[in-house]
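K.L.:
Here's a structure for you.
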């Protein structure tokens, strides 16, 4: 009798064990608690206020201190449509009122690091600062929320967004990782307080900062996700030089760099460290553009602009440049792989993407001749003094244009003066430019191609009302098929028919990291999935 | 007819005699100099070789230095590419050859400009003396307080990159250095009786400075000029290495070094080695040559 009970108990235990192991994904390992994650960051944050800044240099060291209303799913960050609640409860709410009202329920267990509870009013104050900042307060992404009519908090744990019109761009815009939730009482006292101070509700608390060297965070014991974070803390170490960052990982002074390394550095690390290095790669929601100055002759002539794009061998460039630079994918104005992006067949119908390069360049030469371009003249190409990928792609572009007889001299400037030439002085003929976004949200991301009186980031000085109209129509359409059709029309006009500006190649994100770093998954943006609450060290 | 022929023959012989007369002492002097300064002579040959390479770069380079060839990226030295290729598939030998042109163009232009302006300003300062000299020398002190590279960096930061601006950036810090050296020599010349005589004859200041004083400061001027040549090449390479000099796709040694030194040091070391070697040899040759010129022209050293 006793042995039967023992056998039964053993069988039950074995069954439970098998059941539990079956419930875990294949190869899943139980996360370990403890340890300090050391990572390198190529630049320091200009300020601590995420609402005003646009750089990864803020996100990487500071995002772990803050929560968001919703975020990309940290377990599936490569998806462009998978969003989950952060401080809200349950799944991301569906809209009501014909797609014009979103009601979020806020968790009751969220606390700021100063010990105060986070309420719906804090969320409202945060979004009001982002969407309609008071005079003197900068909000870098307020244009993302043009569809928002109001944000209100009917009670302490409910936030209601009312939209002017239904918009597929709204939920992705809410998940932007720069939307750190701030405390209302702090904002009421001083709207600029967060520029120099930190008080979030994220998985880590601010420990200290050594200017120019490191920002440290420690585990937040009151974090609202129980059992998280796994790490005891993190050290965000600033190192400007790429070689220094590579050597830091090689020498195990740091475990990871979240922005991305060029292929050569990846190869060196893999060669040196073998299985101790894990490499993750992804298409990157960053594209290197070429902005053409429409006010400078001969680039005011659409034939010359078309010739510029027709000269470029994008398909070949993708193959070769991906070996030496962080660019790879050939694409149009939409992030490749997104439902709204052009497929290869559609791309090959656009000037500059034709499969027959000889035909393309012959057409370019013909257009230049027709336009009477002075081929003995050297034109001005403005570029940013950053190797990856700007200077490398710039050198490639100059060679491509040389193939059709156009001579360009590359003028390279550090970031500040580069923008000065691009945005203020406008002394360039053609300039390198980029469009880097966090959340993949094409309906908003393509706003860079609108007329310069509509888009805050279009520096080519063109007005194209046809493109503007297509953009508006697309953003007010709820039908994905119609959106896609309109996007194709906008793309064809922008890149081909009017040749307002053009795309070179989309970036390719390569993250070689120490293999003991677990739980972190690559996303299509170096701004995303940086809360570090799910990261652990397998040491 | 005959007379004419005779005249031609005579004048031809005279011309030969006239040409031959200065030639003998020149070659004699050159031979003596080679015996006295063998290192200087060797470095002089190096300098001549560099100038030859720079002048005939289009004929000597086996490939176009700027055309990319993505089929041949970062290839090791081979028969097809004697010094290998860089990360863009460009032939390194061709880029080193064309790089000599960039280095010498920037080096010679900035060294000549810097030392010539320094000569004129140094002589002018010594000639006028008094409060002008005092004020001018304090301004020179300010410029001299900055190390060469820092001063050049500051100038590039103001004017921007590109060959023209690099020349300005290198020229400006050279001026006070040459002016200071030349001034000390010019102070002595200023007291010479022939300067007093020129003044007494009512010559203008410009004429006295440029025609009577400056030519007599040629020894320190030439010494500074040859010294500056090596420094200018090194400065140009340093600025380009820092990304502040000439820009891609122009072939320049510092730029080539910058492109290859960090990322490709392990897997394709030739990308950095050959331009590095070119910079080293060029600077070495110009410095040795400059030293020899100084030893030859400086009367104190010559006496020894």
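The values are calculated or read from the model by the stated rules, or taken from the named source; none is laboratory data. The structure displayed is predicted, hence computed values, not measured ones. Glycine also receives a Cβ, built like all others from the backbone with ideal geometry; neighbour counts cover every protein chain displayed.
K.L.:
Take the conditions under 29 Å from residue B:236 (Cβ atoms), away from chain A (no Cβ under 14 Å), buried (at least 19 other Cβ atoms within 10 Å of the Cβ) and under 19 Å from the mean Cα position of the chain (by Cα) and apply them to residue B:214. Does it pass?
P.N.:
no
K.L.:
Just for region B:70-90: of the residues that are within 14 Å of chain A (Cβ to nearest Cβ) and touching a strand residue (DSSP E or B) at 6+ places or on another chain (Cβ under 8 Å), which one is farthest from residue B:265 (Cα to Cα)?
P.N.:
Result: B:72.
K.L.:
Sort out which residues of region A:492-509 are touching a helix residue (DSSP H, G or I) at 6+ places or on another chain (Cβ under 8 Å) and crowded, with 23+ Cβ neighbours inside 10 Å, and write them in order of number.
P.N.:
Within region A:492-509, A:494, A:495, A:499, A:500, A:501, A:502, A:503, A:504, A:505, A:507 qualify.
K.L.:
Step by step: first the residues of region A:234-248, then only those that are closer than 25 Å to residue A:438 by Cα and not in a loop (DSSP other than H, G, I, E, B), then the one that is nearest to the other protein chains (Cβ to nearest Cβ). Which residue is that?
P.N.:
Once the filter is applied, the top-ranked residue is A:242.
K.L.:
Output yes when any residue across region B:197-204 is modelled with pLDDT of 90 or more, buried (at least 22 other Cβ atoms within 10 Å of the Cβ) and away from chain A (no Cβ under 14 Å), and no when none is.
P.N.:
no
K.L.:
Here's a follow-up. Looking at region A:251-272, which of its residues are more than 17 Å from the chain's Cα centre (by Cα) and touching a residue at least 60 places away in the same chain (Cβ under 8 Å)?
P.N.:
A:252, A:253, A:254, A:255, A:256, A:262, A:263, A:264, A:265, A:266, A:269, A:270
K.L.:
Residues that are in contact with a strand residue (DSSP E or B) (Cβ under 7 Å, 6 or more places away or on another chain): list the helices (runs of 4 or more DSSP H) wholly contained in region A:158-204 that include at least 1 such residues.
P.N.:
Those helices (runs of 4 or more DSSP H) span A:170-174.
K.L.:
Tell me which helices (runs of 4 or more DSSP H) are completely within region A:399-482 and hold 3 or more residues being without any contact (Cβ under 8 Å) to a residue 60 or more places away in the chain, or say none if there are none.
P.N.:
Qualifying helices (runs of 4 or more DSSP H): A:415-419, A:465-475.
K.L.:
Please return the ranges of strands (runs of 3 or more DSSP E) entirely within region A:48-136 where 1 or more residues are on the phi > 0 side of the Ramachandran plot and under 19 Å from the mean Cα position of the chain (by Cα).
P.N.:
none
K.L.:
Given (1) in contact (Cβ under 8 Å) with a residue 24 or more places away in the chain; (2) surrounded by fewer than 21 Cβ atoms within 10 Å (Cβ to Cβ), identify the lone condition not met by residue A:392.
P.N.:
For residue A:392, the exception is condition (2).
K.L.:
Here's another thing I want to ask about it. Could you check region A:253-270 and list, in sequence order, the residues that are within 11 Å of another protein chain (Cβ to nearest Cβ), under 20 Å from residue A:236 (Cβ atoms) and assigned to a loop (DSSP other than H, G, I, E, B)?
P.N.:
Within region A:253-270, A:261 is the sole residue that qualifies.
K.L.:
Any residue that is over 17 Å from residue A:208 (Cβ atoms), surrounded by fewer than 19 Cβ atoms within 10 Å (Cβ to Cβ) and either modelled with pLDDT under 95 or in contact with a strand residue (DSSP E or B) (Cβ under 9 Å, 6 or more places away or on another chain) (or both) - is there at least one of those in region A:58-70?
P.N.:
no
K.L.:
Test of understanding: among A:340, A:367, A:375, which residue is more than 14 Å from chain B (Cβ to nearest Cβ) and assigned to a helix (DSSP H, G or I)?
P.N.:
A:367
K.L.:
Given (1) assigned to a helix (DSSP H, G or I); (2) away from every other protein chain (no Cβ under 11 Å); (3) under 30 Å from residue B:244 (Cα atoms); (4) free of Cβ contacts under 8 Å to residues at least 60 places away in the same chain, identify the lone condition not met by residue A:358.
P.N.:
Single failed check for residue A:358: (3).
K.L.:
Using the structure shown, decide if residue B:126 is surrounded by 22 or more Cβ atoms within 10 Å (Cβ to Cβ) and away from every other protein chain (no Cβ under 14 Å).
P.N.:
yes
K.L.:
So, one more: Listed residues B:272, B:252; which is within 14 Å of another protein chain (Cβ to nearest Cβ), within 23 Å of residue A:399 (Cα to Cα), in contact with a helix residue (DSSP H, G or I) (Cβ under 6 Å, 6 or more places away or on another chain) and without any contact (Cβ under 8 Å) to a residue 60 or more places away in the chain?
P.N.:
Result: B:272 is the single residue among B:272, B:252 that is within 14 Å of another protein chain (Cβ to nearest Cβ), within 23 Å of residue A:399 (Cα to Cα), in contact with a helix residue (DSSP H, G or I) (Cβ under 6 Å, 6 or more places away or on another chain) and without any contact (Cβ under 8 Å) to a residue 60 or more places away in the chain.
K.L.:
Which of the residues belonging to region A:271-315 are closer than 19 Å to residue A:405 by Cα, within 14 Å of chain B (Cβ to nearest Cβ) and either at pLDDT below 95 or crowded, with 22+ Cβ neighbours inside 10 Å (or both)?
P.N.:
A:311, A:312, A:314, listed by residue number.
K.L.:
Please count how many residues of region A:313-347 are over 27 Å from residue B:72 (Cα atoms) and without any contact (Cβ under 8 Å) to a residue 40 or more places away in the chain.
P.N.:
The number of residues fulfilling the criteria is 4.
K.L.:
Here is a check on your reading of the model: is residue A:426 at pLDDT 95 or above and not assigned by TED's automatic domain parsing to the domain that holds residue A:71?
P.N.:
In short, no.
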